[in-house]
Each structure stands twice: as structure tokens, then as C-alpha cells.
Amino acid sequence: MKLANLLATAALTLTLTLPATAAGPQNQPIKRNIVIFVADGLRYTSVTPETAPTMAKLKAEGVDFTNSHSTYPTLTTVNAAVIATGHFPGDTGNYGNSMWVNFAVPCRQGATVTFVEDDCILKDVKAHYPNDYIAQTTLLQAARTAGFNTVIVGKKGPAAIQFLGALDSKGASIEDPVGLFIDDATNRPQNLDGTPSKSTVLKGAIAAETLAATGQLAAPPFAATPNIVQQAYLRQSATQVILPRLKDSDKPFVLLYWSRDPDTTQHGALDSDGKLVPGINSTSGRAAITNADSDLKGLLETLKQYGLDANTDVFVTADHGFSTIAKAIPTVDGTVGRPTLASGFLALDVGQWLGSKVFDPDREGAEVDTASGEHPVQGNGLIGPSPEAPQVIVVANGGTDFIYVPSGDRALAKKVFDKLAEAPYVGGVFVNDALLAGGKADFAGALPMSAIAMLGSSKMPQPAIVVALRNFLIGGCNEPEPQMCQAEIADTSLHQGQGMHGSFGRGDTRNFMAAIGPDFKKGYADKVPVGNVDIAPTLAHVLGITLPGPGTLKGRVVDEALTGGKEPKVEKRTLVSDKTPSGFQTILNEQQVGETKYFDAGGMPGRTVGLVEK
């Protein structure tokens, strides 16, 4: 072969392997733009040409991740941290939407159990655990450091988790050292309950342009069901103010947009109140999917309008799937009677099992008057002689509850576990490895928390026991896909027939995921397991940046979805616990690519949708 041909071949090979660039003038690389769109609570099988024409078209023309995975627990802030960092919860320390953090949180009026979907609370937790709470460099943070313009728009809580430092944005320019940040608390000094929001305030030309684009609204509207008005404000801000400015800046950018719907409407819709059918498959639920689809459509059309589409990769995902709430034990045919499981049922049961008082951390530690039928308002309970010295703490997270034992008392944890194994609302149990070290036989029926990537580099307070609540297929549900018919017993103040997530059934773990753009294959159905944990590594690879930080529980680059990439080897396995004398056991279905694991479903056979015994 002649030297010229050899050089040409080498140049072609180099061009094909460059992940983040295209050929530019004088052979200078052109860095890609990235748009990440998160449709909160969107199930894979709920995207159809009728409900979500934009997403359906995107997955048909780009990459359709048919074997998608939300990270368990299937909760918003858990997966927000996963999307941001590319690490599983054991490394990020964000185990749930609500956690016991073992310090008095100032923004929660001193409570130690806190819901973290709040900018002020996130700042408090990060300040207290700087090296353990989301200690990894996030994709947005790394991109900003590398010189990209970065903008975060969307839902309070998960938006901030993408780059907590962006909460210090001055709000005047996309050139701000930490980028531009707009969530639904922006321009609001206080939350609805009077607590400080500690979100951003828009200033200067950005403020004036946003005011004009949104019909002179001084701040984002509050969330509603459906969430049309708030999302219109955020969409108009992104399409009429932010994207034009990003175009004018002539710099590469990363834009993350987090849509509250369909999550907000599926949680709050009342058109199936008390009934499992249609449940979240109601008219309101479908309209909420269309609402999110409209936001994506607006972003894509604006990218095209400004000539940005050809150099922009768009990754669409959902943080988790969704289920209809059941508040009673199902019959064998998948139906339920009147609600019998009020908010806090697990905390009340643990109190009864231990013969202890139950105090409500969401009512300043007030004792729950169980004799009169009182229950914890948000499901959380401090169990022991006083709220200041709880022996056990139960933290409710919808389809999953956490049980903390601050003293580490193994006998106490076993006493609770033995009762859990007999409870008909339990789907599966995962026990902290520190407890199992004293003898696995004492916790027969459970799998270790390390098996689900909940123990890693973070030293945030860890649950002693993770309880995956029971889920099942709804009797009389006629949806074409089984996952659309999942109901779950949920520890929540919401009603039977409304929506919830957090479970370990496939209806919650199978989120919607798709991608399109110059670096992604066209018309490709990716059957390899992929998850939210892979988004940051893949896009960092495309951008040519690194994501340092502690921990080894990481996602992978989804090379098979990128132009020229090949499908990797996939391993499937089933982990099975020993059985209790009564026959209770926990089974975990997982897939693995390289070092990255993907969890399909976990729990007891007959109590977990999508679970395969062998």
C-alpha cells in the first residue's frame, strides 16, 4: 500500500474514533451540544404516537432503548443523582426522596427525617455531608468547568441535583461561572410553607426577556394537576430566551430540562379515585404525557429554528416508571377491597411489634395517638421512648420504605425483620451487609443491600433494612402491555387509584429512554440493557470530558448506540435468598454488561411484577 493510502486510512480511523467532535474549518474540532430531557415518571410502554408523537418519532428515527432501567429505589432524587453522576446510590448517598440524615436540618425546622426535593434542604444536606452526599463531579459541573455553557431548567429538587453549585448562579447570564439555573422556585424567596427557598433569582436582561416571554409572570407558577401552566412558563423560558442566547454565544452548551409531568398529574389525578381501573391510565394521565411531549417538541423545533439541531445530541429519559396505588392486600385475581393501609402503616406496625411509642417527625415529633386511629401524616415514624431517642426510624418512600436502627442493634433489627417476613404487604427485603456479617442465617429471606448497589463509597446514614413493598397486576386492566397494569402497595398519604412509584416491579424499573443526534445511530432498537446510570458516562464520552469522584459503582458508555459502536456481551442472572421457615424469600433478576449491573425486578414470587424465579 502506498504511503498516501496508509495516511488516509489512519486519518479515517482516527476520525471514526473521535467521540465528541466533527470536522471543522482548518480541521479544528467542533464540540457537540447536548440536550438532556427528563420526563418525570414516564413509563416506556406509555409512549405511543397518540400520547407522545414527538417521543415516538424520536425513538423511531434515533435510538430506542428497548431494555431500559431506572435505578432502584425507583424514586426521583435517587435517579436524579444517578443521571447527574453516572454512579449508583451507594456512591451518591442519595438513597431516597426521603431519608433520615442524623442531624437537625435547618430548612426542615430541625427535623432529622427529611424530604429532599427542595433547594434549601439540598444545600443543608450537602453542607453537612460535603464528602458523602453527591461527592462526584456531575456531568453539568464538568461541562461548565470545561468551558461549555450550561443551563438547568425544571423541577425543583432533581434539577438542582444536576449541579448543586448552580444554585449560586447570579441569574444574569448564561456565561455565569456556574451557568444559568431556573426551577419552579426561582424568583420565589419562600416556599409555600413559608420556609426559605434558597433558589436563584433572575436578573438583568435575562429577567426582562423571561418576563416578556412568559406573559409578565414574575415567577414560575406553582405546580398543578395537570401541570400545564408551570411547564408552559419553563418551556417558554427555554425556547424564547435561553436557546436564542445559547445560539448567539457561539459556544458549545449542555442544557438539561426536567419536566414535572407526567409525574405530578399521575400522583394527583382524581379521575380514578378509589379505583385501580383505569388508575393512572386515565384521561388525565395520558394528557400529562402529552404535556411533557409538547415541551420536548418545543425544544426540538427551536433547535432546528436556530440551526443547532445538526450538531446537538438529544437524550430523553425518565427517572422512573409508575404504578397505580393500592391501599389494601390484593386478592389472587388482582383486585382490592376498601383501603386498609393508611399512611404510616409500616411505622405503626413496627411500633406495635416492639411495644413502643411512635412519634411523627412531620409534626415536630408529636406522639401518634394510635388508639384513636391517628397515623403519621407522611408515613414516617420515630419509634422508641421519645422522639429525641428513637430505637428505630421508618422512612416512607412510596413503594419502598427504609428502616434505620441508629444503634446498630442486631437483635433489634432481627426482631423487626422476622415480623416483616410475615407481613402480607412486603414484596422483598434487603438487609445491610453489616447486619449480615454476624450470620446470614438470621436474616434468611433477605438479600444484601450491596446486591442492589446501595452500599458504596458514601458514608451517609444507611438503612438497616430496605423494604420493597408488594406490587401486582391489576385485575380487569385491559392495557396491551402488562407493565401498564402494575399496582403497588404504597406508604403514602395519596389515595388508592392515584399514582406512585418506588417499587421493585418492572412497571417502575422500566422507564422511557431514547436518543437522537449526530453521534447516535439512526433507526436503531437497542436491546442491550441500558439505564439512567449510563447517561452521564455516555455523554461525557461524547463531549470528551471526564467525571472524577469517589466510588466504583458506575454506569458505562453505551457504545452500541453510538455511530460505529458494537453490541457488547450481556449476562443474565438470578440471585435467590434462603427461605424463612414460612417460605418467604427475596429474588433479584439482573443483567450485566461489563462491570455495570441492571436490575429488572426484585422481591418474592407472586408479589413482584416482572419477576422471573429462574
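Quick one: in the range 101-130, of everything that is touching a residue at least 12 places away in the same chain (Cβ under 8 Å), more than 30 Å from Arg245 (Cβ to Cβ) and assigned to a loop (DSSP other than H, G, I, E, B), which residue is farthest from the chain's Cα centre (by Cα)?
Looking at residues that are touching a residue at least 12 places away in the same chain (Cβ under 8 Å), more than 30 Å from Arg245 (Cβ to Cβ) and assigned to a loop (DSSP other than H, G, I, E, B), I get Gln109.
Restricting to the range 381-397, name every residue that is farther than 17 Å from Phe345 by Cα and touching a helix residue (DSSP H, G or I) at 6+ places or on another chain (Cβ under 8 Å).
Result: Pro387, Gln391.
Hey, could you check the range 408-448 for residues that are modelled with pLDDT of 95 or more and at positive phi and say which is surrounded by the fewest Cβ atoms within 10 Å (Cβ to Cβ)?
Gly408
Of all residues in the range 398-455, count the ones that are out of contact with any helix residue (DSSP H, G or I) (no Cβ under 8 Å at 6 or more places or on another chain) and either among the basic types (Lys, Arg) or not in a loop (DSSP other than H, G, I, E, B) (or both).
The total comes to 15.
Output the residues belonging to the range 536-574 that are touching a Leu at 6+ places or on another chain (Cβ under 8 Å), under 24 Å from Gly93 (Cβ atoms) and not in a loop (DSSP other than H, G, I, E, B).
Ala536, Pro537, Thr538, Leu539, Ala540, listed by residue number.
Has the range 456-471 got any residue that is surrounded by 24 or more Cβ atoms within 10 Å (Cβ to Cβ), in contact (Cβ under 8 Å) with a residue 24 or more places away in the chain and in a helix (DSSP H, G or I)?
no
Residue by residue through the range 179-217, note down the ones that are assigned to a loop (DSSP other than H, G, I, E, B) and farther than 20 Å from Lys155 by Cβ. Give the steps one after another, and end with the answer.
Within the range 179-217, the first condition is being assigned to a loop (DSSP other than H, G, I, E, B), and the residues that meet it are 179, 184-189, 191-195, 197-203, 214-217.
Residues satisfying the conditions are Gly194, Lys203, Gly215, Gln216.
Could you go through the range 475-484 and let me know if any residue there is farther than 22 Å from Gly551 by Cα, surrounded by 21 or more Cβ atoms within 10 Å (Cβ to Cβ) and out of contact with any Pro (no Cβ under 9 Å at 6 or more places or on another chain).
Taking every residue of the range 475-484 in turn, at least one turns out to be farther than 22 Å from Gly551 by Cα, surrounded by 21 or more Cβ atoms within 10 Å (Cβ to Cβ) and out of contact with any Pro (no Cβ under 9 Å at 6 or more places or on another chain).
Of all residues in the range 299-340, count the ones that are assigned to a loop (DSSP other than H, G, I, E, B) and in contact (Cβ under 8 Å) with a residue 24 or more places away in the chain. Spell out how you get there, then give the answer.
Of all residues in the range 299-340, those assigned to a loop (DSSP other than H, G, I, E, B) come to 306-308, 318-322, 327-340.
From what's left, in contact (Cβ under 8 Å) with a residue 24 or more places away in the chain: 306-308, 318-322, 327-331, 333-336, 339.
Number of matching residues: 18.
Quick one: count up the residues across the range 159-178 that are touching a residue at least 40 places away in the same chain (Cβ under 8 Å) and not in a loop (DSSP other than H, G, I, E, B).
Qualifying residue count, the range 159-178: 5.
Identify, by number, the condition in (1) over 25 Å from Met484 (Cα atoms); (2) in contact with a strand residue (DSSP E or B) (Cβ under 8 Å, 6 or more places away or on another chain) that Thr586 doesn't meet.
Going through the list (1) over 25 Å from Met484 (Cα atoms); (2) in contact with a strand residue (DSSP E or B) (Cβ under 8 Å, 6 or more places away or on another chain), Thr586 breaks only (1).
Are any of the residues in the range 499-521 among the hydrophobic types (A, V, I, L, M, F, W, C), surrounded by 24 or more Cβ atoms within 10 Å (Cβ to Cβ), touching a Pro at 6+ places or on another chain (Cβ under 9 Å) and on the phi < 0 side of the Ramachandran plot?
Yes, the conditions are met somewhere in the range 499-521.
Given the criteria touching a residue at least 60 places away in the same chain (Cβ under 8 Å), under 20 Å from the mean Cα position of the chain (by Cα) and buried (at least 24 other Cβ atoms within 10 Å of the Cβ), does Ala490 qualify?
Spelling it out, Ala490 is indeed touching a residue at least 60 places away in the same chain (Cβ under 8 Å), under 20 Å from the mean Cα position of the chain (by Cα) and buried (at least 24 other Cβ atoms within 10 Å of the Cβ).
What number of residues within the range 341-378 satisfy the criterion of being among the β-branched types (Val, Ile, Thr), buried (at least 16 other Cβ atoms within 10 Å of the Cβ) and assigned to a helix (DSSP H, G or I)? If you could, list the steps in order and put the result at the bottom.
Here is the first cut: in the range 341-378, the residues among the β-branched types (Val, Ile, Thr) are 350, 358, 368, 370, 377.
Right, trim to buried (at least 16 other Cβ atoms within 10 Å of the Cβ) and you get 350, 358, 368.
Then keep just the ones that are assigned to a helix (DSSP H, G or I); that gives 350.
Here the count works out to 1.
Any chance the range 228-248 includes a residue that's assigned to a loop (DSSP other than H, G, I, E, B) and either under 21 Å from the mean Cα position of the chain (by Cα) or at pLDDT below 95 (or both)?
There is no residue in the range 228-248 that is assigned to a loop (DSSP other than H, G, I, E, B) and either under 21 Å from the mean Cα position of the chain (by Cα) or at pLDDT below 95 (or both).
The values are calculated or read from the model by the stated rules, or taken from the named source; none is laboratory data. Remember, predicted model here, so these are calculated numbers, not experimental data. Positions of Cβ are generated from backbone atoms using ideal geometry, with glycine treated the same way; all protein chains shown enter the neighbour counts.
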